[in-house]
Amino acid sequence: MDVKQRIHDTVTSHPVVLYMKGTPQFPQCGFSQTAVQILKACGVHQFASVNVLTEPEIRAGIKDYANWPTIPQLYINGEFVGGCDIMKEMYQSGELQKQLGTPAAA
Amino acid sequence: MLDPKQIEKWIAAGMACEHLSIEGDGQHFAAVIVSAEFAGLNRVKRQQRVYALIRDKLDSGELHALSMQTLTPEEWQDRQAHG
């Protein structure tokens, strides 16, 4: 199966997918760590994650998949939402919680 | 070490910016980019517009990461007035 198809299958078979460096338990980049923290702050503790550091093909392919050259990348219901900056902005405005279907943090 | 001024040059060479400032420590950089070209584009499309100008530097590893605030001149003015 080609990389694009693999990515498509992953993002469409899980409601929330984070492509990151490292794992949610052990992020290996500050931006990936921030992305995990934001998801948790939104009340999302169970989400699919892909460690691009152990998947070189995915690491290269994901950049073309979303036309987005950096990691992390967040997908909700199969749609690319953004990277770390966008997640931060959307969290602050409450849009991310809405899209994730969780109540906005007080 | 990459100079923030160099990143400014890469971006300014590809799009008209009303305001462009980049700060960084040589590894991580944060940019405020104000351009009329962002009007009508969502956040993802705005950053894609900028990424297109620096994609080769990111792919080569010359630039590791660039945080971006992408604003239209109107949004920038609002922020100046209320921020």
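Quick grid of which residues meet (1) surrounded by 15 or more Cβ atoms within 10 Å (Cβ to Cβ); (2) farther than 14 Å from A:VAL11 by Cβ; (3) not polar (S, T, N, Q):
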site	(1), (2), (3)
A:LEU39	yes, yes, yes
A:GLU57	no, yes, yes
A:TRP68	yes, no, yes
A:ASN77	no, no, no
A:MET87	yes, yes, yes
A:GLN92	no, yes, no
Q) Failed condition for B:TYR51, given (1) closer than 24 Å to A:ALA66 by Cβ; (2) in contact with a Ser or Thr (Cβ under 9 Å, 6 or more places away or on another chain); (3) in contact (Cβ under 8 Å) with a residue 24 or more places away in the chain, with all others met? A) (3)
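Could you list, in sequence order, the residues of segment B:17-52 that are polar (S, T, N, Q) and under 21 Å from A:PRO72 (Cβ atoms)? Walk me through it before giving the result.
Going residue by residue through segment B:17-52, those that are polar (S, T, N, Q) are B:21, B:27, B:35, B:42, B:47-48.
Selection gives B:GLN27, B:ASN42, B:GLN47, B:GLN48.
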Q) Do we find a residue being open to solvent by less than 30 Å² (accessible area, probe 1.4 Å) and more than 11 Å from the chain's Cα centre (by Cα) anywhere in segment B:23-31? A) yes
Q: Check off (1) at the interface with chain A (Cβ under 9 Å from one of its Cβ atoms); (2) over 13 Å from A:ASN67 (Cα atoms) for B:ALA39 and give me the number that stays unchecked.
A: (1)
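If you go through segment A:17-28 one residue at a time, do you hit one that is under 25 Å from B:ARG46 (Cα atoms) and either open to solvent by 50 Å² or more (accessible area, probe 1.4 Å) or hydroxyl-bearing (Ser, Thr, Tyr) (or both)? Spell out the reasoning first.
Quick first cut of segment A:17-28, residues under 25 Å from B:ARG46 (Cα atoms) only: A:17-21.
This time we only want the ones that are either open to solvent by 50 Å² or more (accessible area, probe 1.4 Å) or hydroxyl-bearing (Ser, Thr, Tyr) (or both), so: A:19.
Scanning segment A:17-28, I find at least one residue that is under 25 Å from B:ARG46 (Cα atoms) and either open to solvent by 50 Å² or more (accessible area, probe 1.4 Å) or hydroxyl-bearing (Ser, Thr, Tyr) (or both), so the answer is yes.
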Q: Please work out which one of (1) in contact (Cβ under 8 Å) with a residue 24 or more places away in the chain; (2) within 12 Å of chain B (Cβ to nearest Cβ); (3) surrounded by 13 or more Cβ atoms within 10 Å (Cβ to Cβ) is the condition A:VAL81 fails and give its number.
A: (1)
Q. For segment B:47-66, how many residues are hydrophobic (A, V, I, L, M, F, W, C), more than 10 Å from every other protein chain (Cβ to nearest Cβ) and open to solvent by 20 Å² or more (accessible area, probe 1.4 Å)?
A. 1
(Q) Filter segment A:48-75 down to the residues that are among the aliphatic types (A, V, I, L, M) and away from chain B (no Cβ under 11 Å) and list them by number. (A) A:ALA48, A:VAL50, A:VAL52, A:LEU53, A:ILE58, A:ILE62
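The values are calculated or read from the model by the stated rules, or taken from the named source; none is laboratory data. The model shown is predicted, which means the values in this text are computed figures rather than measured ones. Cβ coordinates were reconstructed from backbone atoms using ideal geometry, including for glycine residues, and neighbour counts include every protein chain displayed. SASA here: full protein model, heavy atoms, side chains in, ligands and nucleic acids out. Shrake-Rupley method; radii C 1.70, N 1.55, O 1.52, S 1.80 Å.
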